[in-house]
Amino acid sequence: MRVDTLKSFKNKFYNDYMEERKIFQGVLDEKSLMSLYSLMNKGVLDMVHGFVKQGKESSVLVGEDKKGRKVAVKVYAIEASDFKNMWPYLHGDERFKNIKRNKRDIVYAWCAKEHQNLFIARRAGVKCPEPLGSLNNVLVMEFIGDELEPAPRLNEVWLEEPEKVFKSVLEDMKRMYRAGLVHGDLSEFNILFWNGEPWIIDMSQGVLLKHPRAQELLERDVKNVVRFFRKYGVETNEDEVTKVVKGGSE
Ligand SMILES: Nc1ncnc2c1ncn2[C@@H]1O[C@H](COP(=O)(O)OP(=O)(O)OP(=O)(O)O)[C@@H](O)[C@H]1O
Ligand SMILES: [Mg+2]
């Protein structure tokens with residue numbers, strides 16, 4: 001990870017941050033950088049240290065807020081985004097019924113959707129990053145990990161207590177469902193493992209239960225979770241998990 005630090009451009013002259021922003025060149029475009037700076041100006045975050053992950057569709061950076069708490073900053077790429085794939089998850093969502101069908105508006109709505117979904121899930125008691133603020137294609141949230149590194153994903157660790165972790169994931173799926181939300185992209189790749197507990201991330205695909213595809217997406221989430229934990233020998237099946245998530249008994 002880069003150790004260079006981009007400090008808030010607040011009270012700085014343009015030339016100053018022109019120099020500092022070199023660490024982002026080629027990865028973040030001008031508009032994303034401006035959104036990042038606006039979030040700094042609003043006090044949502046104070047510094048950005050470098051990248052946790054650089055991807056085609058999104059990059060995740062690590063930074064800190066004014067209190068020195070680490071934050072994760074997810075920046076959705078606009079040009080390289082697969083916005084055609086995003087549309088079906090937005091279309092039919094009453095929260096985004098007025099968005100225009102162009103690349104930029106779709107990506108901005110996608111980012112706002114992740115923010116809102118994290119908010120709903122977190123309020124419902126789900127172990128997921130607390131959303132701290134967002135603007136355009138940039139989302140700032142609680143960082144899951146420690147001073148040295150981000151938490152690994154579930155697919156990158158060996159679970160000593162798979163049964164316990166499974167129960168915790170199930171409980172969070174249930175909480176989400178009760179709050180009217182389906183994750184829509186749940187799998188071992190979007191669950192971080194931290195302090196012995198699973199933390200659910202990457203909620204941009206999440207839809208409200210009223211969405212026409214909600215049940216289909218829930219089925220897919222259930223399938224992924226069952227497949228993963230059965231590999232550990234956890235005795236479960238899709239019907240049972242669906243029943244629990246929808247509020248049946250455990
Ligand atoms: N809040 C967070 N705290 C710590 N690390 C995070 C956080 N959010 C994301 N990450 C890291 O960034 C990676 C990608 O995040 P996320 O899954 O949200 O984005 P993505 O666009 O789906 O990327 P990918 O397609 O690579 O999964 C995660 O696997 C994790 O390593
Ligand atoms: Mg992901």
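The values are calculated or read from the model by the stated rules, or taken from the named source; none is laboratory data. If you're wondering where the values come from, they're calculated on a predicted model, not measured in any experiment. Positions of Cβ are backbone-derived with ideal geometry, glycine not excepted, and every protein chain shown enters the neighbour counts.
Go through G133, G180, G145 for me and flag whichever is in contact (Cβ under 8 Å) with a residue 60 or more places away in the chain, under 25 Å from D239 (Cβ atoms) and of a type in the set (G, A, S). On inspection, the qualifying residue turns out to be G180. Of the residues in segment 58-70, at least one is within 22 Å of A151 (Cβ to Cβ) and polar (S, T, N, Q).
Using the structure shown, decide if V169 is part of a helix (DSSP H, G or I), among the aliphatic types (A, V, I, L, M), out of contact with any Cys (no Cβ under 7 Å at 6 or more places or on another chain) and within 16 Å of ligand 1 (Cβ to nearest atom). First the steps, then the outcome.
Details: part of a helix (DSSP H, G or I): yes; among the aliphatic types (A, V, I, L, M): yes; out of contact with any Cys (no Cβ under 7 Å at 6 or more places or on another chain): yes; within 16 Å of ligand 1 (Cβ to nearest atom): yes.
In short, yes.
Suppose we keep only residues that are more than 14 Å from ligand 1 (Cβ to nearest atom) and among the basic types (K, R) within segment 27-62. Which one would you say is surrounded by the most Cβ atoms within 10 Å (Cβ to Cβ)? In this case the residue turns out to be K31.
Taking first residues from segment 189-215 that are near ligand 1 (Cβ under 9 Å from one of its atoms) and modelled with pLDDT of 95 or more and partners that are outside any strand (DSSP E or B) and of a type in the set (V, I, T), the Cβ contacts under 6 Å between residues at least 6 apart in sequence or on separate chains come to N190/I201; L192/I144; L192/I201; W194/I144; W199/I144.
To keep it simple, each residue is scored yes or no on (1) within 16 Å of ligand 2 (Cβ to nearest atom); (2) over 23 Å from D185 (Cα atoms).
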| residue | (1), (2) |
| --- | --- |
| N41 | no, yes |
| V52 | yes, no |
| S59 | yes, no |
| K67 | no, yes |
| W87 | no, no |
| K103 | no, no |
| C111 | yes, no |
